[in-house]
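Read through the structure below, which is laid out as structure tokens, and then see the notes.
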Amino acid sequence: MSTTVGGAFDRLLWNGLRPGEYSLSESEVGAKLSPEDQEAVLLFQLDEPHDELRHQEPDGTSICDGMFFYRRKLRAQPWLLFFELKRGSYFSKAVAQLTSAILLTAKNLHSRYTLDQVHAVVVSGVESPPDQQVLQKQFRAQLSKHKIRASLGFVTCPLKGAADLREELLSRVRAVG
């Protein structure tokens, strides 16, 4: 069943949620995050064919491939882990897609919620970019204009594989406390 009515989050729940799945692959590169113990993990496919966050946005609006909703334990503050899958080294484009998805998510959230615990990851089939710190600084600056604090990481993935994003995310969770 597919729906086109309601808000972006409603459509995302109906069309983008992938229940029972904890990995997403595209162009021979993938990302995974499986729950352990009492953790809750939900995977949302954000890009084609669902593009729910882009609903009623101008043509050409870019967005990342997916988002994991991660909650460490029952009443813990959840983390949103956005990820973009790239077979090659289009890092600037990947960062722009991540930024766009985070801004569209913030735009569509109820006013009582904030994006306090956000991390974004570029998963690539090649080594991390040499200008990684510059890209991270630009990413933070773009989002801070909208009062969103988010961090950005880069993970290398073997082709035809899926990078486990657990350590990448938990390093951010531990850093925040």
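In the set (1) farther than 19 Å from E26 by Cβ; (2) modelled with pLDDT under 95, L152 fails one condition alone, (2). Criterion applied to V155, V123 was being farther than 20 Å from R54 by Cα, open to solvent by less than 10 Å² (accessible area, probe 1.4 Å) and assigned to a strand (DSSP E or B), and the one residue passing it is V123.
Of the candidates F82, F69, the single residue that is open to solvent by less than 10 Å² (accessible area, probe 1.4 Å), in contact (Cβ under 8 Å) with a residue 24 or more places away in the chain and within 14 Å of the chain's Cα centre (by Cα) is F82.
So that you can scan it fast, the table gives a plain yes or no per residue for (1) in contact with a Phe, Trp or Tyr (Cβ under 6 Å, 6 or more places away or on another chain); (2) farther than 19 Å from L43 by Cα; (3) hydroxyl-bearing (S, T, Y):
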{"position": "V121", "(1), (2), (3)": "yes, no, no"}
{"position": "G125", "(1), (2), (3)": "no, yes, no"}
{"position": "P129", "(1), (2), (3)": "yes, yes, no"}
{"position": "Q142", "(1), (2), (3)": "no, yes, no"}
{"position": "V155", "(1), (2), (3)": "no, no, no"}
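Does the range 46-64 include one or more residues that are surrounded by 14 or more Cβ atoms within 10 Å (Cβ to Cβ), at pLDDT 90 or above and either in a loop (DSSP other than H, G, I, E, B) or under 13 Å from the mean Cα position of the chain (by Cα) (or both)? Checking the range 46-64: at least one residue is surrounded by 14 or more Cβ atoms within 10 Å (Cβ to Cβ), at pLDDT 90 or above and either in a loop (DSSP other than H, G, I, E, B) or under 13 Å from the mean Cα position of the chain (by Cα) (or both).
Does the range 89-105 include one or more residues that are crowded, with 23+ Cβ neighbours inside 10 Å, without any contact (Cβ under 8 Å) to a residue 40 or more places away in the chain and touching a Gly at 6+ places or on another chain (Cβ under 9 Å)? Scanning the range 89-105, I find no residue that is crowded, with 23+ Cβ neighbours inside 10 Å, without any contact (Cβ under 8 Å) to a residue 40 or more places away in the chain and touching a Gly at 6+ places or on another chain (Cβ under 9 Å), so the answer is no. Within the range 29-38, restricting attention to residues that are modelled with pLDDT of 90 or more and open to solvent by 20 Å² or more (accessible area, probe 1.4 Å), the residue that is nearest to Y90 (Cα to Cα) is K32.
Residues that are part of a helix (DSSP H, G or I) and at pLDDT 75 or above were ranked within the range 106-117; the one that is surrounded by the most Cβ atoms within 10 Å (Cβ to Cβ) is A106.
Yes/no matrix, rows are residues, columns are (1) closer than 19 Å to T61 by Cα; (2) touching a helix residue (DSSP H, G or I) at 6+ places or on another chain (Cβ under 9 Å); (3) part of a helix (DSSP H, G or I):
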| position | (1), (2), (3) |
| --- | --- |
| L85 | yes, yes, no |
| T99 | yes, yes, yes |
| L104 | yes, yes, yes |
| P129 | no, yes, no |
| Q133 | no, no, yes |
| E167 | no, no, yes |
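The values are calculated or read from the model by the stated rules, or taken from the named source; none is laboratory data. Fair warning: this is a prediction, and the values are worked out from it, not measured in the lab. No Cβ is skipped: glycine too gets one built from the backbone with ideal geometry, and neighbour counts run over all protein chains shown. Just the protein is used for accessible areas: all its heavy atoms, side chains included, with ligands, DNA and RNA removed. Shrake-Rupley method; radii C 1.70, N 1.55, O 1.52, S 1.80 Å.
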